[in-house]
1. Quick check on my link table: of LYS151/LYS178; LYS105/LYS152; LYS178/LYS204; LYS103/LYS239, which ones sit more than 28 Å apart, alpha carbon to alpha carbon?
2. Pick out, from CYS241, LEU40, LEU77, the residue whose Cα sits farthest towards the positive end of the charge dipole of the chain, with +1 on the Cβ of Lys and Arg and -1 on the Cβ of Asp and Glu.
3. Starting from the Cα gyration tensor of the range 157-238, take the square roots of the eigenvalues, sort them a ≥ b ≥ c, and report rounded, prolate or oblate (rounded when a/c is under 1.5, otherwise prolate if a/b is larger than b/c, else oblate).
4. So in the chain, what percent of DSSP beta bridges are antiparallel if you round to the nearest 5?
5. Using +1 at the Cβ of each Lys and Arg and -1 at the Cβ of each Asp and Glu in the range 104-198, identify which of HIS142, SER186, GLY171 lies farthest towards the dipole's positive end.
6. Helix-only mean residue ellipticity at 222 nm, the chain, DSSP H runs n ≥ 4 weighted -39,500 (n - 2.57), per residue, nearest 500. What is it?
7. Roughly how far apart, in whole Å, are the Cα centres of the range 200-241 and the range 122-142?
8. What whole-number distance in Å separates the alpha-carbon centres of the range 25-56 and the range 74-92?
Amino acid sequence: MTLNDYYRTYSSDCTAGSSNQAFARFGEPAEHTGRISYRLSHGGERYSLLFSNRLDSTYSDGTASVANDIGGTWDILGMRVGLSGAWDAEPELWHTVTFDGEKTKRVSGAEPFFTDPIPLHAKGGEYLCYEITLFGDCFPCHDEIILNARKKTADGGWVPDKRIPAPLMIGSDRPVEKRIGFLGDSITQGIGTEYESYTHWVAKTAQGLADNVSVWDLGIGCARAYDAASDQGWLARAKQCDTVTVCFGVNDLFHARTVQQITDDLRTILVALKKAGCRTVLFTVPPFDMTGDL
């Protein structure tokens, strides 16, 4: 299956913010096992998880990494998923995940990759528990994810730890008529709402849409318009949607971008999306803790 085939088959079935925001860096390669659970919006017969080794946004002040940086080479030693009734409940049945029929995968470079189909037969409201075991010393993670990511300890317990790769999409093969993507920063991602609450504005908007519409939250904490305007992996995912909302501005002002620069970046984003056939909705929030010229 090609990446184009993947997008024709699968659409987002979770409203949690998704991105590669930062790198988990360790002094030397080591084995890591982590879990994240995702609340499913509608359900589906088969699922596939999408990943990438490329950062989508510039995190914090950009000293550690910037948008479009590529992670190191790392190995997926095993991956499995299961369904449960709550984010912290153990699935009764685990499904082994494969990549082109193999249980392991070496990850390098920037190209997105995805799992083989997983027969879950899930319902909306259930939680998909994703577990990965990998070996490496530099791989993407989502440092500000508002889900309870955790890692396995040497004694078999679990502790909060976000330093594991997070899927970029929880893809379901259910038939949909429209795909809506929400491109933006932390406000779009939902930072500031309670963990596991799914009460950010994208999730609330999704609740009011028809069942045949899929919602993909592409918001990232700290993200700027000029990250998206680079037209790399992040914007490429947004182009797979029929309609894309674009909400940037505050972080750009914080990082000394001028009005003209921000306007140019937004224009670049909109032109790229429209050329891909997307309808666009452009808006932003007013600056909330600035004074003077900002």
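1. Numbers: LYS151/LYS178 36 Å; LYS105/LYS152 20 Å; LYS178/LYS204 17 Å; LYS103/LYS239 30 Å.
Correct reply: LYS151/LYS178; LYS103/LYS239.
2. Of the candidates, CYS241 comes out farthest on the positive side.
3. On the way: a/c = 1.44, a/b = 1.11, b/c = 1.29.
The shape class here is rounded.
4. Values: 48 of 66 bridges.
Close to 75 percent.
5. Farthest towards the positive end: GLY171.
6. Numbers: 7 runs with 51 residues, N = 294.
After summing the helix terms and dividing by residue count, I get -4500 deg cm²/dmol.
7. About 19 Å separates the Cα centre of the range 200-241 from the one of the range 122-142.
8. Using only Cα atoms, the two centres lie 10 Å from each other.
The values are calculated or read from the model by the stated rules, or taken from the named source; none is laboratory data. A quick note: this is a predicted structure, and the numbers were derived from the prediction, not measured. FYI the Cβ positions are ideal-geometry reconstructions off the backbone, even for glycines, and counts take in every protein chain you see. Areas reflect the complete protein model, heavy atoms only, side chains present, ligands, DNA and RNA absent. Shrake-Rupley method; radii C 1.70, N 1.55, O 1.52, S 1.80 Å.
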